[in-house]
Amino acid sequence: MPWLRHLAVLFAFVAAFARPAPASAFTPASPESRVGGFEVAAQLLVGELAAASCEQHQGIGAAYDENASGYRFAAGGGARFIARTGGEILDVTRIRIPGPRNSPFGKVDYLLGNVGSVESVGKGGFFRGVLGFGEGNLGPALERHLIENFGTATIEGSRIRAVGTLVGPGGRSATVQSVWQVTPEGFVDLITAVPR
Amino acid sequence: MIAPYACRIIADKRSVSLVEIAASESERTVRVVAAGGPAWEVVLPIWYLPSIAILGDTIAVWAATRLFFLVSGKQAVRADFDDEVHAVFAVDGRFCVVGELSVFVYDADRGAVVDRFQADDVLGASWWEGGRLFVESASGRPHMFSPSADAVRPMPSQ
């Protein structure tokens, strides 16, 4: 019975993900770091994974993507969850690019040079000027950047730093570090991105 | 054609000039000259224009995540960080670096971060009032610090 074999594989994955991650991954980096934020999120995501397992187990065998830096599995053709060997799971539906909060500008504006500051202008020279991104395509590209590089990302407390190639709409590419924060609610919010 | 980068900074009767002498797709070589004194050549990421701080005997030059400390009679000391550098200040013989996501005390002699404050979101401009360092935060309320050679010492917000 093929479905039984797939179910067993799923349980093995869940068991692997549910085990405690190394303590260093959750060590607060500073007084302001959210203590254990990623741990909370990881447990939350594991819970969601378990709840979603009924609809996912039929596709899990085929959903392993050896070209990705992590293990991907999802219902149908999508890849909702990405797991690292350390046990952390990324739910790609929880990734967010924050819009305006305390100013008229959101993260994409900041990275494209729309904010009137030295820092934003410098970012814009790179993301808009060099790579050719605009308001409509930088956010999705950075989401993909995290997904594609989650397997090798550095996780400190609730902060994720992913390093990898970012390809602009015109085909020009550069190595970029994207920085993300896991919120207490379990979302993964873009903080910034930096050329490396 | 875009002219090569060049600028001159004057602070407290000291004059420092930066002139781009070579550039590739990703890096810019800059000659830094302290008028009447020494000169250095440093290689910086080309994405951002160079920034400069004149800190007593030390000149700090940076772009993006790469920072150089230039001291008369010594070779340039290079430091690369995870964070983009926004500002560099001298504090009790060491340096207080304001980065995009953190504020830290850096020992250039040992090449080590002595203490670091990690912010929740991106930081902006920074300035001093008396012995307190203020750093703009994304929340709109500035962070306050009382840095020393050994610690960043964040202070409660007002």
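Some values worked out for this structure:
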{"read-out": "Subset of region B:111-150 that is within 13 Å of another protein chain (Cβ to nearest Cβ) and among the hydroxyl-bearing types (Ser, Thr, Tyr) - its residue that is nearest to A:PRO184 (Cα to Cα)", "value": "B:SER139"}
{"read-out": "Among the residues listed as B:GLY56, B:GLY37, the single one being away from chain A (no Cβ under 14 Å), touching a residue at least 12 places away in the same chain (Cβ under 8 Å), in contact with a Ser or Thr (Cβ under 7 Å, 6 or more places away or on another chain) and of a type outside the set (S, T, N, Q)", "value": "B:GLY37"}
{"read-out": "Subset of region B:9-30 (residues that are under 16 Å from B:SER51 (Cβ atoms), loosely packed, with under 15 Cβ neighbours inside 10 Å and small (Gly, Ala, Ser))", "value": "B:ALA11"}
{"read-out": "In region A:96-109, the residues that are within 20 Å of B:ASP83 (Cα to Cα) and either within 12 Å of the chain's Cα centre (by Cα) or not in a loop (DSSP other than H, G, I, E, B) (or both)", "value": "A:ILE97, A:LYS107, A:VAL108, A:ASP109"}
{"read-out": "Hey, B:ALA87 free of Cβ contacts under 8 Å to residues at least 12 places away in the same chain and under 27 Å from A:VAL176 (Cα atoms) or not", "value": "no"}
{"read-out": "Candidate set: region A:116-132, residues that are crowded, with 20+ Cβ neighbours inside 10 Å and touching a helix residue (DSSP H, G or I) at 6+ places or on another chain (Cβ under 6 Å); chosen: the one modelled with the highest pLDDT", "value": "A:PHE127"}
{"read-out": "Sole exception among (1) buried (at least 21 other Cβ atoms within 10 Å of the Cβ); (2) in contact (Cβ under 8 Å) with a residue 24 or more places away in the chain; (3) not aliphatic (A, V, I, L, M) for B:GLU100, by number", "value": "(2)"}
{"read-out": "Options A:VAL188, A:VAL115: the member that is touching a residue at least 24 places away in the same chain (Cβ under 8 Å) and of a type outside the set (Asp, Glu)", "value": "A:VAL188"}
{"read-out": "Condition check for A:GLY99: free of Cβ contacts under 8 Å to residues at least 12 places away in the same chain, buried (at least 18 other Cβ atoms within 10 Å of the Cβ) and within 14 Å of another protein chain (Cβ to nearest Cβ)", "value": "no"}
{"read-out": "Subset tally (residues that are at pLDDT 95 or above and charged (D, E, K, R)) for region B:127-149", "value": "2"}
{"read-out": "Segments classed as strands (runs of 3 or more DSSP E), wholly inside region B:1-43, with at least 1 members that are under 16 Å from B:ALA76 (Cβ atoms)", "value": "B:14-23, B:27-34"}
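Okay, residues lined up against (1) more than 20 Å from A:THR85 (Cα to Cα); (2) of a type in the set (Gly, Ala, Ser); (3) surrounded by 16 or more Cβ atoms within 10 Å (Cβ to Cβ):
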residue	(1), (2), (3)
A:THR154	no, no, no
A:GLY164	no, yes, yes
A:GLY171	yes, yes, no
A:GLN177	yes, no, yes
A:PRO184	yes, no, no
A:THR192	yes, no, yes
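The values are calculated or read from the model by the stated rules, or taken from the named source; none is laboratory data. These numbers come from a predicted model, not from an experiment. With ideal geometry, Cβ positions are generated from the backbone for all residues, glycine too; neighbour counts draw on all protein chains shown.
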